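A quick write-up on the structure given underneath.
The values are calculated or read from the model by the stated rules, or taken from the named source; none is laboratory data. Quick caveat: nothing in here was measured; it's all calculated off a predicted structure. As a convention, Cβ positions derive from the backbone with ideal geometry for all residues, glycine included, and neighbour counts pool all protein chains shown.
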Amino acid sequence: MSLEELRPALLREWKLLLPHSANDVHAQLADRIHLYARAAEVARLVVFEGPEIAARMDFYFDAESGITQLENLFTHPDFRGRCYAQ
(Lines give C-alpha, C1' and ligand atoms only; values in the text may rest on other atoms or scores of the structure.)
Protein backbone atom coordinates (compact mmCIF):
# COMPACT_ATOMS: atom_id res chain seq x y z
CA MET A 1 0.00 0.00 0.00
CA SER A 2 1.41 3.35 -0.95
CA LEU A 3 1.74 6.22 1.48
CA GLU A 4 -0.76 8.20 -0.57
CA GLU A 5 -3.32 5.42 -0.13
CA LEU A 6 -2.57 5.13 3.58
CA ARG A 7 -2.62 8.86 4.34
CA PRO A 8 -6.43 9.26 4.78
CA ALA A 9 -6.44 6.49 7.39
CA LEU A 10 -3.48 8.08 9.19
CA LEU A 11 -5.23 11.44 9.28
CA ARG A 12 -8.37 9.76 10.63
CA GLU A 13 -6.31 8.04 13.37
CA TRP A 14 -4.55 11.21 14.46
CA LYS A 15 -7.86 13.10 14.59
CA LEU A 16 -9.22 10.38 16.88
CA LEU A 17 -6.14 10.41 19.11
CA LEU A 18 -5.73 14.20 19.23
CA PRO A 19 -9.21 15.65 18.65
CA HIS A 20 -8.32 19.12 19.92
CA SER A 21 -5.25 19.56 17.73
CA ALA A 22 -5.28 21.56 14.52
CA ASN A 23 -5.54 19.87 11.13
CA ASP A 24 -1.96 20.89 10.27
CA VAL A 25 -0.73 19.00 13.36
CA HIS A 26 -2.60 15.88 12.18
CA ALA A 27 -1.09 16.31 8.71
CA GLN A 28 2.45 16.66 10.06
CA LEU A 29 2.06 13.54 12.18
CA ALA A 30 0.57 11.55 9.31
CA ASP A 31 3.20 12.69 6.84
CA ARG A 32 6.16 11.78 9.04
CA ILE A 33 5.62 8.12 8.11
CA HIS A 34 7.64 8.63 4.92
CA LEU A 35 10.73 9.17 7.10
CA TYR A 36 10.70 5.63 8.47
CA ALA A 37 12.01 4.13 5.24
CA ARG A 38 15.23 6.13 5.68
CA ALA A 39 16.23 3.93 8.61
CA ALA A 40 14.97 0.49 7.60
CA GLU A 41 13.08 -1.44 4.97
CA VAL A 42 9.36 -1.11 5.67
CA ALA A 43 6.49 -3.51 4.98
CA ARG A 44 2.91 -2.60 5.84
CA LEU A 45 0.07 -4.98 6.59
CA VAL A 46 -3.44 -3.62 6.25
CA VAL A 47 -6.86 -5.12 7.00
CA PHE A 48 -9.79 -3.73 5.05
CA GLU A 49 -13.47 -3.90 5.89
CA GLY A 50 -15.07 -2.82 2.68
CA PRO A 51 -13.27 0.33 1.52
CA GLU A 52 -12.14 1.29 5.03
CA ILE A 53 -8.82 0.44 6.63
CA ALA A 54 -9.87 -1.34 9.81
CA ALA A 55 -6.40 -2.17 11.15
CA ARG A 56 -2.77 -1.77 10.17
CA MET A 57 0.79 -2.37 11.32
CA ASP A 58 4.31 -1.81 10.05
CA PHE A 59 7.28 -4.16 9.99
CA TYR A 60 10.76 -2.64 9.94
CA PHE A 61 13.66 -4.74 8.69
CA ASP A 62 17.31 -3.89 9.22
CA ALA A 63 19.29 -6.26 6.98
CA GLU A 64 22.63 -5.27 8.48
CA SER A 65 21.68 -6.22 12.04
CA GLY A 66 19.11 -8.87 11.16
CA ILE A 67 16.54 -7.16 13.38
CA THR A 68 12.84 -7.08 12.53
CA GLN A 69 10.56 -4.80 14.51
CA LEU A 70 6.78 -4.53 14.59
CA GLU A 71 5.40 -1.02 15.14
CA ASN A 72 2.37 1.17 14.69
CA LEU A 73 -0.25 -1.48 15.34
CA PHE A 74 -3.57 0.35 15.20
CA THR A 75 -7.17 -0.80 14.95
CA HIS A 76 -9.80 1.87 14.39
CA PRO A 77 -12.25 1.91 17.33
CA ASP A 78 -15.16 1.04 15.00
CA PHE A 79 -13.42 -2.25 14.13
CA ARG A 80 -12.03 -3.35 17.50
CA GLY A 81 -12.95 -6.68 19.08
CA ARG A 82 -12.55 -8.60 15.81
CA CYS A 83 -9.16 -10.18 16.57
CA TYR A 84 -7.22 -8.24 13.93
CA ALA A 85 -4.26 -7.81 16.30
CA GLN A 86 -3.89 -11.54 16.97
Since Glu5 meets every condition but one in (1) in a loop (DSSP other than H, G, I, E, B); (2) without any contact (Cβ under 8 Å) to a residue 40 or more places away in the chain; (3) not aromatic (Phe, Trp, Tyr), which condition does it not meet? (1)
Restricting attention to the stretch 17-41, which residues are part of a loop (DSSP other than H, G, I, E, B) and at pLDDT 95 or above? Leu18, Pro19, His20, Ser21, Ala22
Tabulated pairs, the stretch 19-43, first loosely packed, with under 13 Cβ neighbours inside 10 Å, second modelled with pLDDT of 85 or more and of a type in the set (A, V, I, L, M), C-beta under 9 angstrom, 6+ apart or interchain: Asn23/Leu11; Glu41/Ala63
Condition first: out of contact with any Asp or Glu (no Cβ under 9 Å at 6 or more places or on another chain), touching a residue at least 24 places away in the same chain (Cβ under 8 Å) and loosely packed, with under 14 Cβ neighbours inside 10 Å. Can you find one or more residues in the stretch 61-79 that meet it? yes
What number goes with the only condition from (1) free of Cβ contacts under 8 Å to residues at least 12 places away in the same chain; (2) assigned to a helix (DSSP H, G or I) that Trp14 does not pass? (1)
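Listed here are the residues, each with its yes/no results for (1) at pLDDT below 90; (2) not acidic (Asp, Glu).
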site: Ala43; (1), (2): no, yes
site: Glu52; (1), (2): no, no
site: Asp58; (1), (2): no, no
site: Ile67; (1), (2): no, yes
site: Phe79; (1), (2): no, yes
site: Ala85; (1), (2): yes, yes
